[in-house]
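Here's the structure we're looking at; comments come further down.
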Amino acid sequence: MAPAKVTLPSDTQILITREFDAPRHLIWRAYTEPDLIKRWWSGERGAVTSVEVDLQVGGHWRYVMTANGGFEVAFHGEFREITAPERLVNTEAFEGIPDPDGNAALVTVTLTEKDGRTYIEVLTEMKDKAGRDAIIESGMEGGMQESYNALEKVARSLA
């Protein structure tokens with residue numbers, strides 16, 4: 001499994017790209033179906049305790065995990081655009097900061113397929129550089145790498 005690549009296209013953006021050895025429709029399922037999200041989202045950092053997904057424009061989502069240190073981590077947001085199985089746009093708010101909704105990111109996920117492999121591009125846009133830098137400095141990259149490795153395994157298990 002090749003690791004995801006993280007770049008910073010602007011002062012307010014994080015771009016993640018990765019290739020998965022699985023077809024796009026299976027990556028989409030693993031990325032959007034609650035029972036499948038529970039199997040990969042926490043990577044090796046804990047256990048997912050709750051996943052709610054109302055996959056429609058204006059619908060809300062919320063993921064909660066208990067981290068290995070025993071503390072709870074939760075994110076939520078609203079779906080803004082859905083074009084299955086190629087594009088998903090949603091807000092993403094980390095519940096562990098003051099005013100999570102006021103500091104929410106806008107996340108655009110694009111999935112393309114070539115020769116049975118899926119290429120993901122995740123563009124996260126924050127309202128300011130401080131927000132972007134806080135995400136980078138949180139250690140998100142290690143957890144994201146673990147989560148994406150697990151996502152690939154879950155998608156492949158569906159074939």
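The numbers here are math on the coordinates, done by the rules we state, and not lab data. These numbers come from a predicted model, not from an experiment. Every residue, glycine as well, gets a Cβ built from its backbone with ideal geometry; the counts of neighbours run over all protein chains shown.
Some points to look at:
- Here the Karplus curve 6.51 cos²θ - 1.76 cosθ + 1.60, taken at θ = phi - 60°, turns the phi angles of the range 79-86 into couplings of 7, 9, 8, 9, 10, 5, x, 10 Hz, with x standing for Gly and Pro.
- Only lysines eight or more places from Lys153 in sequence, or on another chain, were considered; those with a Cα closer than 24 Å are Lys5, Lys38, Lys114.
- When you filter the trypsin sites (Lys or Arg not before Pro) in the range 98-159 for DSSP loop state and at most 16 other Cβ atoms inside 10 Å of their Cβ, you are left with Lys127.
- Listed values (i) 15.6, 51; (ii) 19.4, 74; (iii) 14.7, 44, entry calculated as Rg and Dmax of the Cα atoms in Å: (iii)
- 14 Å cut-off, amide nitrogen to a point 7 angstrom out along Glu125 Cα→Cβ, residues in the range 74-100: 80-81, 88-92
- Relative contact order, whole percent, for the chain stands at 29, derived from Cα pairs under 8 Å and 6 or more residues apart.
- Amide H within-cut-off set for Gly59, under 5 Å, with H built and near neighbours excluded: Phe79
- Our coupling estimate for the range 96-113, obtained by passing each phi through the Karplus curve with A = 6.51, B = -1.76, C = 1.60 and θ = phi - 60°, is x, 10, x, 6, x, 5, x, 10, 5, 8, 10, 10, 10, 9, 10, 10, 10, 10 Hz, Gly and Pro reported as x.
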